[in-house]
Amino acid sequence: MKKFFAFISIIAIIFSTLAVGHRDKKSDKELTIYASLMEEQAIAAVDNFQRQTGIKTNFIRMSSGEILKKIREEKDSMKASVWYGGTADTFIAAYEEGLIEPYISPNASFIPPEYKDEDGKWTGIYVGYLGFVANDKWLKKNNLNMPNSWDDLLKPEFEGNIVLPNPATSGTAYTMVSTIVQLMGEKEGFEYLKKLDKQVIKYTKSGLTPGIVVGLKEAGVGVTFLNNVVRYKKDGYRNIIMSTPKEGTGYEIGAVALLKNAPNEDAAKMFIDWALTEKAQEIGQQVGSYQLLTNPKATPPQEPAYLTNVNLIDYDFQYAGKNRNYLIDKFMKNTK
């Protein structure tokens, strides 16, 4: 009997040790991501990934510029492992500063070359077009036409009635600055931006916000990615309408990347692999996010009918990424 109890005790110790080891292993798999897409989309993505893999995952939602600032501060002790969503040129800027670890996912082979970095610095998960949003009631009340060119925004009747996101914090806004510079040239582009600044009533921290501000009639016109306008119309802002500038407009490639010195690199790579699948990319439209998708196998949302006949410029992401600090500093000095 003594031998039997001794045997039972040994078995109990073994199972106890295994259980502790299992808990430790599960704890080691906890994953933190920084997300720069719509919060509802980040919630749904994390929930789906967690259910499929069993990896405990949490996220912090910030705009692209805020994430760049945060990972700069955490460079020597990175708190998150993945950057999920946000403009690719901001990822390029982060790589130039040693904040991103290249990773070529096996699933990157599904993504067309124009939507990824060939060395795995970032891989695209969605595409969004830059354009104008306006309050239709406000336009009619003031007997104004919907702007359909960058020059239209400089008209006297729009003075004090334009809302823009801030390039220091918003990837959307930086896409606008880079678009103007690439379209007009640096000198003429910054002359234009200085004139545009005099028309602005408010700069917002996030590129998601101008559509709401216009929907609430706190401004007449804004600049944003047009998929946001589709979402807000569905959310009940019935009086907002959209257009794209006839001279040409820029666009974003929303990306995902592995952060340098990621505290949980294995789980991070699993998340990136998952984010490139068609099922992962189809989650956005289920929660009101209507970007185009980069995986050709994914079923795109039906809503982007606004994307027909858009005059896209040949947006240079490398130029935009490598000159990000320079162009933002010049913008901030130019608009004081």
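The values are calculated or read from the model by the stated rules, or taken from the named source; none is laboratory data. The structure displayed is predicted, hence computed values, not measured ones. Cβ: placed from backbone, ideal geometry, glycine included. Neighbour counts: every protein chain shown. Quick note on the areas: whole protein, heavy atoms, side chains included, nothing else; ligands and nucleic acids left out. Shrake-Rupley method; radii C 1.70, N 1.55, O 1.52, S 1.80 Å.
Between 224, 169, 179, the distinction of being under 24 Å from the mean Cα position of the chain (by Cα) and within 21 Å of residue 241 (Cα to Cα) belongs to 224 only.
From the list 309, 325, 261, the lone residue that is out of contact with any strand residue (DSSP E or B) (no Cβ under 9 Å at 6 or more places or on another chain), modelled with pLDDT of 95 or more and either open to solvent by 20 Å² or more (accessible area, probe 1.4 Å) or assigned to a loop (DSSP other than H, G, I, E, B) (or both) is 325. Of all residues in segment 168-196, those that are in contact with a strand residue (DSSP E or B) (Cβ under 8 Å, 6 or more places away or on another chain) and not in a helix (DSSP H, G or I) total 1.
Checked against (1) closer than 21 Å to residue 153 by Cα; (2) within 20 Å of the chain's Cα centre (by Cα), residue 316 meets all criteria but (1). Of the helices (runs of 4 or more DSSP H) lying entirely inside segment 27-112, the ones with 2 or more residues being basic (Lys, Arg) and farther than 19 Å from residue 269 by Cα are found at 64-73. Whether any residue in segment 197-216 is surrounded by fewer than 20 Cβ atoms within 10 Å (Cβ to Cβ), touching a helix residue (DSSP H, G or I) at 6+ places or on another chain (Cβ under 8 Å) and part of a helix (DSSP H, G or I) is what I want to check. Yes, segment 197-216 contains at least one residue that is surrounded by fewer than 20 Cβ atoms within 10 Å (Cβ to Cβ), touching a helix residue (DSSP H, G or I) at 6+ places or on another chain (Cβ under 8 Å) and part of a helix (DSSP H, G or I). Scanning segment 217-229 for residues that are open to solvent by less than 10 Å² (accessible area, probe 1.4 Å) and either at positive phi or not in a strand (DSSP E or B) (or both) yields a count of 5. Among residues that are within 30 Å of residue 30 (Cβ to Cβ), at pLDDT 95 or above, touching a helix residue (DSSP H, G or I) at 6+ places or on another chain (Cβ under 9 Å) and open to solvent by less than 20 Å² (accessible area, probe 1.4 Å), residue 249 is not included. Screening the candidates 270, 242 for the property of being open to solvent by 40 Å² or more (accessible area, probe 1.4 Å), among the hydrophobic types (A, V, I, L, M, F, W, C) and out of contact with any Phe, Trp or Tyr (no Cβ under 7 Å at 6 or more places or on another chain) yields one hit, 270. From the list 138, 150, exactly one residue is hydrophobic (A, V, I, L, M, F, W, C) and in contact with a Phe, Trp or Tyr (Cβ under 8 Å, 6 or more places away or on another chain). Which is it? Within the list 138, 150, the selection yields 150.
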